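To start, the structure itself, in structure tokens.
The values are calculated or read from the model by the stated rules, or taken from the named source; none is laboratory data. Since this is a predicted model, take the numbers as computed values, not measurements. Cβ sites come from the backbone with ideal geometry, for glycine too, and all protein chains shown count toward neighbours.
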Amino acid sequence: MTSGAAAARYARALFDVVVGESPAKLDAAQSDLQSFADLFSGNAALAAVTANPSIPVGRKSALATALVDQAGGVTTAVGKLIVLLASRDRLVLLPEIARAFRARVMDYQKVIRGDVTTATPLPADKLLALEQGLQAATGRTVVLESRVDPTIVGGVITRLGSTVYDGSVTTQLEKMKQALIEAAR
């Protein structure tokens with residue numbers, strides 16, 4: 001099984017447990033999981049320990065248990081998952097598990113993340129209006145990240161998942177160019 005598939009299975013199992021216990025704890029579980037993923041991937045010493053096959057699994061489990069205990073207030077399911085991953089020598093999967101879990105939570109909460117690209121910075125009120133329009137069109141909560149790319153000349157490119165709405169001037173000019181070339185043939 002690939003690491004991505006394993007991470008997806010752990011994320012699904014964690015999601016099912018948290019939703020079964022209390023759906024209200026989804027955001028807390030996501031935050032806890034992301035904190036541990038950041039801790040293990042952002043700390044060079046911890047990353048080296050988790051990736052080193054010569055360190056006994058028992059020591060990794062003890063380390064994980066100590067970190068969960070020291071963190072205090074960690075969602076029970078997340079704490080158990082961290083200890084389980086350590087006992088199976090799978091702590092290296094934490095960043096992938098966190099990403100897969102976040103995607104499941106967003107799907108459950110009917111949230112779509114996307115980005116909007118414009119030639120100049122988009123004012124906050126315009127970004128909010130665009131989010132609201134997309135929410136009305138999709139029936140889901142939309143959270144957009146704004147990017148600036150002067151090469152699009154003008155207009156807007158919006159990406160929601162795998163769907164792209166390209167209203168950029170550059171694309172419109174390219175379409176006109178192709179139409180003129182086709183008409184000249």
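Numbers for the structure displayed
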item: Lone unmet requirement of (1) part of a helix (DSSP H, G or I); (2) under 30 Å from Ala137 (Cα atoms); (3) of a type outside the set (Ser, Thr, Tyr) for Ala62; result: (2)
item: Count - residues of the stretch 144-175 that are exposed (fewer than 10 other Cβ atoms within 10 Å of the Cβ) and either over 22 Å from Ile112 (Cβ atoms) or touching a Ser or Thr at 6+ places or on another chain (Cβ under 8 Å) (or both); result: 2
item: Count - residues of the stretch 103-117 that are more than 14 Å from Gly4 (Cα to Cα) and either assigned to a helix (DSSP H, G or I) or of a type in the set (S, T, N, Q) (or both); result: 7
item: Selection within the stretch 3-44 - surrounded by 15 or more Cβ atoms within 10 Å (Cβ to Cβ) and not in a helix (DSSP H, G or I); result: none
item: Flag if Thr158 is among the polar types (S, T, N, Q), in contact with a Gly (Cβ under 8 Å, 6 or more places away or on another chain), over 30 Å from Asp32 (Cα atoms) and touching a residue at least 40 places away in the same chain (Cβ under 8 Å); result: yes
item: Qualifying residues in the stretch 71-93 (those that are small (Gly, Ala, Ser) and surrounded by fewer than 19 Cβ atoms within 10 Å (Cβ to Cβ)) - the one modelled with the highest pLDDT; result: Ser87
item: Residues located in the stretch 97-123, provided they are closer than 19 Å to Val49 by Cα and either outside the structural domain of Gly42 (by TED's automatic domain parsing) or surrounded by fewer than 19 Cβ atoms within 10 Å (Cβ to Cβ) (or both); result: none
